[in-house]
1. Could you say which residue among B:L83, B:L128 is out of contact with any Gly (no Cβ under 9 Å at 6 or more places or on another chain), at pLDDT 90 or above and more than 14 Å from chain A (Cβ to nearest Cβ)?
2. Please give the number of the condition A:W149 fails out of (1) open to solvent by 30 Å² or more (accessible area, probe 1.4 Å); (2) within 14 Å of another protein chain (Cβ to nearest Cβ); (3) at pLDDT 90 or above.
3. With of a type outside the set (D, E), more than 10 Å from chain B (Cβ to nearest Cβ) and in a helix (DSSP H, G or I) as the only criterion, which of A:L109, A:L160 stands out?
4. Do the conditions hold for B:A71, that is, is it over 24 Å from B:I7 (Cβ atoms) and more than 9 Å from chain A (Cβ to nearest Cβ)?
5. Within segment B:83-127, which residues are within 20 Å of B:A71 (Cβ to Cβ), β-branched (V, I, T) and surrounded by 19 or more Cβ atoms within 10 Å (Cβ to Cβ)?
6. Can you tell me which residue within segment B:22-46, out of those that are open to solvent by 40 Å² or more (accessible area, probe 1.4 Å) and away from chain A (no Cβ under 11 Å), is farthest from B:A77 (Cα to Cα)?
7. Is at least one residue of segment B:135-150 more than 17 Å from B:V50 (Cβ to Cβ), touching a Cys at 6+ places or on another chain (Cβ under 8 Å), open to solvent by less than 30 Å² (accessible area, probe 1.4 Å) and in a helix (DSSP H, G or I)?
8. Give all pairs with beta carbons closer than 6 Å in which a residue from segment B:175-193 that is within 20 Å of B:G15 (Cα to Cα) and at the interface with chain A (Cβ under 7 Å from one of its Cβ atoms) meets a residue that is basic (K, R) and part of a helix (DSSP H, G or I); count only pairs at least 6 apart in sequence or on separate chains.
Amino acid sequence: MLTYLSIIITAIFINNIVFAQFLGVCPFFGVSKNTSSALGMGAAVTFVITLATVVAWLLQYFVLNPLGLQFLQTIVFILVIAFLVQLLEIVMKKTLPALYQSLGVFLPLITTNCAVLGVAILVIQKGFNLMESVTYSFSTALGFTLALWLFAGIREQLELAAVPKAMRGVPIAMICAGLLAMAFMGFSGIKF
Amino acid sequence: MKNYWKIFYNGIVPGNPVFVLLLGMCATLGTTSSAYNGMMMGVATGSVLVCSNVVVSMLRKLIPDKVHIPAYIVIIATFVTMLQLAVNAWMPALNASLGIFIPLIVVNCILLGRAEAFAGRNGVVASLLDGLGCGVGYTFALVLLGATRELLGTGKIFGAIVYPEDYGMLLFVLAPGAFIALGYLIAIINKIRKTN
């Protein structure tokens, strides 16, 4: 039980995917202009990361490893993610139109989110079993959502601030992200 | 000839992938803890970009329009896998320091972006030069950021001591320093571009 708790706390706070591992930075700056779209993106990413990690794990251990095709990992995983995102879009459109309406715009963006492929590869590299992989991917995605949501709150306030011309937009957002990352470094003292 | 020079130059300054287009941020932040790491990541990404641009432009008339994005992704992933195997075999130390960012070149938006915006519409030579220009521009940006972080953090550039390490701000080698240094570099470049 403690292993799972340690995986969860580590993935959300100590080794936050955006602030400590630099994965998923592109959507982090792209979709963090207001809190509601940040939460929408977070939900869509959580869904895809968890699903993609499970499928990637099964493929790695039941197809690639027995056949000795480990070198195809990158190609197989990226195709699986692209396929899953497409499939999810079609299925959600038919069965859950309300959820599709709210998450729809973010779905195609997720294929090029490096957090998805990154988590799938990390899970294999760390040698997690299936249950640990699910826990790790889900809590990593929660960490991503938390980072995105916090940062969107800061950026909403930033709109009202008088920022020097050259710093407007991305540069000041980067520096704020740096300060937020510094706050997250405070968690790195926690040990299990 | 002048036209080709323009294509090559476009990727370096007016359309610099990092400072102007803001693409490929994950690898930019994650691999620039030192100037050397930044340079190697830039060279690795640039070489994949040149290869994928050339192949995409060769096949541009054969790939049906409906499946062009998956086809581009497979082409890019093939070259990334080749690079991954080569780095693993010949440069194990580099493989350890760049880690997961080598397979993640696949999802670097610069590669798909150039394939979609340039190589899918232009000839082989022009695409080669476009890839080369963007690769050089990306490497330049990574070296600049890596050197800044290494200098402020440890007092070295490419491992050569500039001032004693004790006076360095360790923060710049760690994660928050990456965001802060890149933010200031983009702001400085914005300023220079506006005044010119």
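1. Values: B:L83 fails: more than 14 Å from chain A (Cβ to nearest Cβ).
So the residue among B:L83, B:L128 that is out of contact with any Gly (no Cβ under 9 Å at 6 or more places or on another chain), at pLDDT 90 or above and more than 14 Å from chain A (Cβ to nearest Cβ) is B:L128.
2. The failed condition is (2).
3. The match here is A:L109.
4. On the way: over 24 Å from B:I7 (Cβ atoms): no; more than 9 Å from chain A (Cβ to nearest Cβ): yes.
It is false that B:A71 is over 24 Å from B:I7 (Cβ atoms) and more than 9 Å from chain A (Cβ to nearest Cβ).
5. B:I105, B:V106, B:V107, B:I110
6. Among them, the one singled out is B:Y36.
7. There is no residue in segment B:135-150 that is more than 17 Å from B:V50 (Cβ to Cβ), touching a Cys at 6+ places or on another chain (Cβ under 8 Å), open to solvent by less than 30 Å² (accessible area, probe 1.4 Å) and in a helix (DSSP H, G or I).
8. Between residues of segment B:175-193 that are within 20 Å of B:G15 (Cα to Cα) and at the interface with chain A (Cβ under 7 Å from one of its Cβ atoms) and residues that are basic (K, R) and part of a helix (DSSP H, G or I), there is no close pair.
The values are calculated or read from the model by the stated rules, or taken from the named source; none is laboratory data. Note that the coordinates shown come from a computational prediction; the quantities given were computed from them, not determined experimentally. Because the Cβ atoms are built from the backbone with ideal geometry, glycine has one as well, and the counts that use them run over all protein chains shown. Heads up: the accessible areas ignore ligands, DNA and RNA and are worked out on the full protein's heavy atoms, side chains in. Shrake-Rupley method; radii C 1.70, N 1.55, O 1.52, S 1.80 Å.
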